[in-house]
Structure formats: C-alpha cells, structure tokens
Amino acid sequence: MTSQLSISIGQYSDKGFKPENQDFYGVIIPQEPLISNKGIVSAIADGVSSSTEGKLAAESCVKGFLSDYLSTPETWTVKTSAHKVLTALNSWLYSKGRTGEESTPGMVTTFSALIFKSTKAHIFHIGDSRIYRLQENNLECLTHDHRIWLDKDKNYLSRAMGIDIHLDIDYRNLSAEAGDLFVMTTDGVHDFISDKQLTEILLDNVSDINKAARLIVETALKHKSSDNVTCQIIRLDSIPVISVTDAYKELTKLPFPPDLSAGMILDGYKIIDEIHASKRTQVYKAIDQESKKEVIIKTPSVNYEDDAVYIDNFVREEWIGKRVNNKHILKIEPQKQKRQFLYYVTEYVNGQTLRQWITAHSQPDIREVREIAKQIAAGLRVFHRFEMLHQDLKPENIMLDQNGMIKIIDFGSTKIAGIAEITTPLERVSLLGTKNYTAPEYLLGQPGSNRSDLFSLGVITYEMLTGKLPFGDKFDHADDQRKISNLHYYPSYHYNPMIPIWLDKALEKATNPDPNLRYDLLSEFVHDICSPNDRFMSDNPAPLIERNPIAFWKGLSVLLVIANMILLYFLLSK
C-alpha cells in the first residue's frame, strides 16, 4: 500500500484591539518531487509592536521563508536549508532596520516554522509564538518562549528575527503520525487561553479545524487579549507509506536494456563500442544521431534486475549528476527522446583515468600533481556544498581529458543528506570504495564527513607523488579500532626525495586515521600542499637519513672518500 504526505489546514486571525494586524502566517504544499524531497512548509510570525515596521517584518519573514526554503537544493537537509534561509532573512531584516537613508527602522518579528518531510516534523523557533501538538488527546507545547521576565507583569523578548545580526534558532525534529494536530499561535492567543481550553476546543472540532482556529481566537479575545490574535492548525492526514513491492514497481517501470553492440540504435543513440564492463554496469561509447555528439551510455547489469536497492542506487547516480554542475564533475546529458529502457547518458571524456596517469608518471612533476589535486578538491567541494559525500574517490573514478582537465566520473556511493531523511522500505546500503582509499571511520561502521573524502584525496595525492600508499599494505588488515590506531604512516620522501618535508606533513595530516586530526577544509589541504605551512616548517626536522636517504648516503660516501684521501696522504708522506 502506498500513501502520500497530506494535510488539512485551519486558519483564523484578527487584529483584536490593536489598530492593525501585525501577525502573518502561511502554508505551502508543493507538487512532486518537492513534496517528497523538501516537504510541506508552514510558518507564523508576530511583528513586534515596539518596532516601527513589525507588520512588514512578519509578512516579509513568512513569505520569504515559504518561497526560499523550497528553492534550496533538494540534496540539503531540512535543518541546513531552513538555517541558511533564516540567517539570510535575519541579515536582511537587521540591515533594513538599521542602515541607510531609505531604510525601514525596527524590522523585528517573532518566527516559528513547521516543516513536514517524510515521517518527521521539523520545528524552527525564534521568539514567543508557539507550536503545540495534540496527539492521542494529549497536548504538548513543542517550543520554548524566548522571554525574560522582569516581574510578574513585565517581560521582553530575548530573541527575535531582525533584533541582532547573530541569530540563535531553536531546532528539533520528531516522528509524526497520521491524525496529529499541530497548532501554531501568536502570544495574543496562548497568553489568554489555557492548555485545557485549547485541548477541549481541538477535540470538539477535529473534523472542522477552521472552526477550531476561529473558536480559539474568539476565546482569547473573550479573555481580554490585548494583542493581535492568530491561530493556524495543521492536521496531518497521512504520511508516506510505501511497501517494498510498491517501491520495486516504481523503480522497474523501465526495463533493463538488452546487451548492446556496435551499430545498434538506442533511443536515438548509435552504439560505437563497449569501453568498460563489470558485474555491476556496462559503459558504451555512442553517437547522438541528432547532434552528432559523442556521448557515454551507462547501463545496469542484468545480474541485478530483481535487486531494488541496486536499481535505486543506479537511478540516484543520474539524479545526483543532474544537480551538480561543475567542470570537474562528469556532466549528465539531457534526455532528448522518451526513454524505453533504464540507462543514462553522460558527456564523453576523451582522455585517461588517473590510474593510467599514475602508471605513466613514475617520476611526476610536483607542480603537476598539485594542479591535479587542486582540481579534484574543486570537484569535491561542489559535492560538499550540496551536502553530499562522494565516499568512493579513487584513481579509477577520476579522469583527465586531453587538456589536463580533471573529471570525477562516478557517483554510485554518494551519500545525500537530504535524501537520507526520507523514509524508505529499502535497506540503504553504503557502497564504499576500495579499502586503501576509504577513510578508516567507514571501516569501523562510523558515519562519514567531509574529512572522509579529504582522506581519500590525501591518499591519492600521496600516490601520485610516490607511486605508493601512505600505509603500505597495512590498511588491508585494519578492520578494528586497535589495528587502525596502530597504522604507521610512511613519509613520502622515503620514496621520492624531491618531496619537501612541509609537503609531506600536509599529506600526513590529510591521511591521519583519526578524522579529528585531519584538516577541517579541503581549501586548507590545498593551501598546505602549495605553500609551506609555518607550523610544519618549525617542527623539528627528521634526521637526514629519513628525510632524504639518497642525499644521506651520497654525502656519507663523499666524506668517506675525503677521509680515505687524507689517510692515504699521511701514509705516503712518511
């Protein structure tokens, strides 16, 4: 059985005894795929009456949040998306309220938002508006008022939108169930109505939540509310429920393509040749017959025709590629004709894999290695901006075109934070890469981070410079915490005496088995492999025999020759 996320809405607002209504509220229910990938968004705001433009602040905040949240990348989590939007809105309110001759002074408002995504409710809160939940006849306030009380009658807001350049947002998420009632109110309501009265009105009007919202507002006014009064009720009618069978049916709407060979036509693409095949996928070079452009077609292996998890991962590769647009990431080509089979099309990269480049460059120019590492980092940075972890970075998944341009070409193991929030009956399996390039935390079953991809980049950079791996073959047996803690880093200058010690220290830090001891940012690593880090320069240098064994033995040989000549001189002079 399959059901969609759906809600019902009840709303009522009144200016009360104030000259104008400075409250604002709203809900947006987007269409698919946004309703699945971003959710349903609701918000309420109460313009602070002591500010000169509280009404404009409340309206701008709610409207801006509802529209801008849905415009954030589908790969971002709810928390990341909302925080970025609220931070930007707060900066705008703060600047409009305090600077410039044409500025609008006093743009301050409370703000609370409720976002339903998959089976979770996400709450964001600043100020003293409130969000309640009525579940199984129990009413719970889900927010905390940001007020400071001077005495029993006097208080002031300690937090609000536009009051300070720095924004502190309360956030929480909780599992939601069909039938839950979420109630959003401004302080003109909840300061003048008890939880018991609120519960009774809701329970008496479950089938008519518009009436419930109106009665709640009217009750607050009867109790001498001196403020604007607004109530917004959201009933969660259904949450997404999908069975494994339904998930499989959705994923297998398109059949797997047959084995392809040169000369065959697939939806307007003429197959030229098979250029790679594995037990998981086949990769073909083809010609777009309309544009005459060379392309790559990637097809799934028939070995997994009944494997829903595999198909889900395959489909997601194309989904990811369509959402990242960078010259260092393989481009997904738009589909021109209706697809008859399951496959996707990418740009054709005329070049070689980084593995082939490493094999052909046993004594590489350090400057060339730096340039390649910088390009890989630039591509990874795009994944990280979209809250994605590549998780399978290795020389085989990186290509260089004929102009030396780097392309990251495989997204099969990429973790997408926003998609991970969506409940699915399919078991999500992390397809991690080759062990020597996989960050140790993955091997321990721990979650990854941007530093995990940075570890892989560090290993690849080390290998480009030396042709070796930073831990030799010891990584093959590092399957528990003790073994990983005992991994010994081999200085890169042992294999390549041209590598300066400060560059080796950067590689050592990037590949530290402990993620907390690695670089925080890709840019820090790139900087340190290009420019000497003073901290590394000030470290006590290793003995010359360790830093540069060739130079050590050459120097020792020269000294021995000189010593022998002096000894011979004295012997002959007697």
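The values are calculated or read from the model by the stated rules, or taken from the named source; none is laboratory data. It should be emphasised that the depicted structure is a prediction, and the values quoted were computed from it without experimental measurement. Here the Cβ is made from the backbone with ideal geometry for all residues, glycine too, and neighbour counts use every protein chain on show.
So, in the range 348-400, exactly how many residues are surrounded by fewer than 20 Cβ atoms within 10 Å (Cβ to Cβ) and in a strand (DSSP E or B)?
Here the count works out to 4.
Scan (1) modelled with pLDDT of 95 or more; (2) surrounded by 14 or more Cβ atoms within 10 Å (Cβ to Cβ); (3) over 18 Å from Val41 (Cβ atoms) for the single condition Val241 breaks and write down its number.
Result: Val241 fails condition (1) only.
Go over the candidates Ala45, Ala57 one by one and state the one that is touching a residue at least 60 places away in the same chain (Cβ under 8 Å), touching a Gly at 6+ places or on another chain (Cβ under 6 Å) and either not assigned by TED's automatic domain parsing to the domain that holds Ile233 or not hydroxyl-bearing (Ser, Thr, Tyr) (or both).
One residue alone meets the criteria, Ala57.
For (1) in contact with an Asp or Glu (Cβ under 9 Å, 6 or more places away or on another chain); (2) over 22 Å from Ile398 (Cα atoms), each residue gets a yes or a no:
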residue	(1), (2)
Ser449	yes, no
Ser452	yes, no
Val459	no, no
Asp473	no, yes
Asp504	no, yes
Asn512	no, yes
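For the structure I just gave you, tell me whether Asp259 is of a type in the set (Asp, Glu), part of a loop (DSSP other than H, G, I, E, B) and out of contact with any Cys (no Cβ under 7 Å at 6 or more places or on another chain).
In short, yes.
Looking at Lys483, is it assigned by TED's automatic domain parsing to the domain that holds Leu380, of a type outside the set (Gly, Ala, Ser) and at pLDDT below 85?
Yes, satisfied.
Across the range 264-279, what is the number of residues that are among the small types (Gly, Ala, Ser) and either at pLDDT 95 or above or surrounded by 14 or more Cβ atoms within 10 Å (Cβ to Cβ) (or both)?
1
I need a count of the residues in the range 182-211 that are touching a Cys at 6+ places or on another chain (Cβ under 7 Å) and of a type outside the set (A, V, I, L, M, F, W, C).
Of the residues in the range 182-211, 1 are touching a Cys at 6+ places or on another chain (Cβ under 7 Å) and of a type outside the set (A, V, I, L, M, F, W, C).
Out of all the residues in the range 461-480, is one or more of a type in the set (A, V, I, L, M), part of a helix (DSSP H, G or I) and at pLDDT below 95?
Applying the first criterion (of a type in the set (A, V, I, L, M)) to the range 461-480 yields 464-465, 469, 478.
Those still in the list that are part of a helix (DSSP H, G or I) too: 464-465.
Now restrict to residues that are at pLDDT below 95: none.
For the range 461-480, residues of a type in the set (A, V, I, L, M), part of a helix (DSSP H, G or I) and at pLDDT below 95: absent.
On the basis of being surrounded by 14 or more Cβ atoms within 10 Å (Cβ to Cβ), part of a loop (DSSP other than H, G, I, E, B) and at pLDDT 85 or above, does Ile529 make the cut?
Answer is no for this residue.
Would you point out the residue of the range 178-210, among those that are of a type in the set (Asp, Glu) and surrounded by 14 or more Cβ atoms within 10 Å (Cβ to Cβ), that is farthest from Ser225 (Cα to Cα)?
So, considering only residues that are of a type in the set (Asp, Glu) and surrounded by 14 or more Cβ atoms within 10 Å (Cβ to Cβ), the one farthest from Ser225 (Cα to Cα) is Asp180.
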